[in-house]
Structure formats: structure tokens, C-alpha cells
Amino acid sequence: MFKKLARSFISATAVVAAAVALPTAADAAPAETTVTVGEEVWVRHADGGVGGHLDSHASSEGFTKCTLGFAFVGSDNEPRALIAGHCGDVHEELQSSNGTVIGRIADAANFTGTFDSPDTALVSFAPGVAVNSILPGIAPVSGKLTLGDVERVSPVLCKLGVTTGLTCGPIDSKVRTPKSMIAFSAVGEQGDSGAPVWAYGANGEVLMIGTLVADGSLPGGPGKEAGVLYVEPVSGYMVEWMLR
């Protein structure tokens, strides 16, 4: 179906400037609040601590900074988005960088804190929050690739994270990779978790692949020094959570 998706990509990295201050307020989202795929979000942990999440991603103030992943519409016609499962637990709230409550984690894969664990969560949004699904500075999503599609064509993958911005790289088939994920060589740091990952089609169209979930540093992984990132494809979760 996808015969030639890999194309030459400009090897430039656009770093997204992101504030590092923690949100201090927890106000309900005002009418017509808009959030965008790829923007900074903070998960507020219910226990005020790290709540069983990766210590390297959590702040001492009880928040975890992550990147909002691809956006969808649920079976109820309300907006949804994906994020990395290790960013927070089900029912924990998401805040924007200015402290506005924009939603919560509604469901999640069974993340166990190990390298082989599934690591994707579903976000539902508060009333009055609109979601812009267009990747900032990139293009609207025009299709998706499954794990099998990616394995067949081996495209260059790109991600947009709030810490390291836009980075792209080839698939890395030499490192140990969980069966449900794809490894690729690109720059990523804390805060990029949840970032949207995509490939470009033959005509430059954006083809959604999945959610940035790890950098190899989890127990059982090859280590962060391996220089690879891991993406969990969205196609299965779209079916499970009835997203379109």
C-alpha cells in the first residue's frame, strides 16, 4: 500500500523553546481554551509525589512534564489525545504550562515500569477545551502507518518534543526492541515523552506512526547511551479506544 514512503529529509533540528517553570495554579479551563499536539503538558500526581512513575521524569513538586501526542475524536465525538503511559496514572489531571487544568488521563495500557511494557495512555479533555490536531510548523496528518508498514518500508521517523524539538532519524534494527515498538536514532530528553512520531510519504504527506515512549533507560533496555528512541504505534490503540 505504501510503496515508497522514505524520502530525503532536511537534516536540521528545530529546537522548540520551552519554559521550565512548573504550573502553580489549577484553574478550570476557560471557554475556548485551545491545546495543540506537541505542546507542553504537566501531569499532576494525586499522591503529590512521583506516584510510581519514572523518577527521571518527575519533579519534586509532584508534577511530570510531558509532550501531548496525536489528537483524535472519540466515539462520543469529543476530543481525545495520546500521551506516554509513564507520564501519569489513570484519573490524574493534565495542566497546561500556565497551570490551567485541561483534562485527565482517562485510560492507559498496563505500564509496569519495565522496558518491554506497553506505555501509551489516553487523554480526555475538560469542557471548553478545543484541540488543534495539526503538528505546529509541519502539516496536517493525512494517514497512518502500522508497525507492519514501518517494518516493510523503513522510513525516516520524526518526533516533536517540548524539550528537544523536531528531530528525525532512521530506524535502528540492531538494538533490542519490544515487539510492540519501533526503535529509531534521534535526539530525545526528559519532557519529550508522549511526543507525536511520524514519517513522510512519497509526496511529503505526514503519516502518523505513534507515541514516543522511551529512550532505552528502563530496566531491561539497552541504556540511554544507545542513542535511540522508542515509539509505540497508535493503530492498535485507535481500535481499542475507538478513536478516529
* Label-to-label distance, nm, for residues given as residue 205 and residue 61 (7 Å Cα→Cβ offset) -> 4.3
* Asked: What distance in nm separates the simple spin-label points at residue 151 and residue 32, each placed 7 Å from Cα in the Cβ direction?
  -> 4.8
* Structure fact -> Straight-line reach check, residue 179, cutoff 20 Å on alpha carbons, 8 or more apart in-chain or any other chain, hits among aspartates and glutamates -> 116, 119, 149, 151, 215, 232, 240
* Structure fact -> Placing each pseudo-label 7 Å from Cα in the direction of the beta carbon, residue 240 and residue 73 end up separated by a distance in nanometres of 2.4
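Read-outs throughout are calculated quantities, based only on the coordinates presented, and are distinct from any laboratory measurement. This one's a predicted model, so the numbers in the text were calculated from it and none came from an experiment. Here the Cβ is made from the backbone with ideal geometry for all residues, glycine too, and neighbour counts use every protein chain on show.
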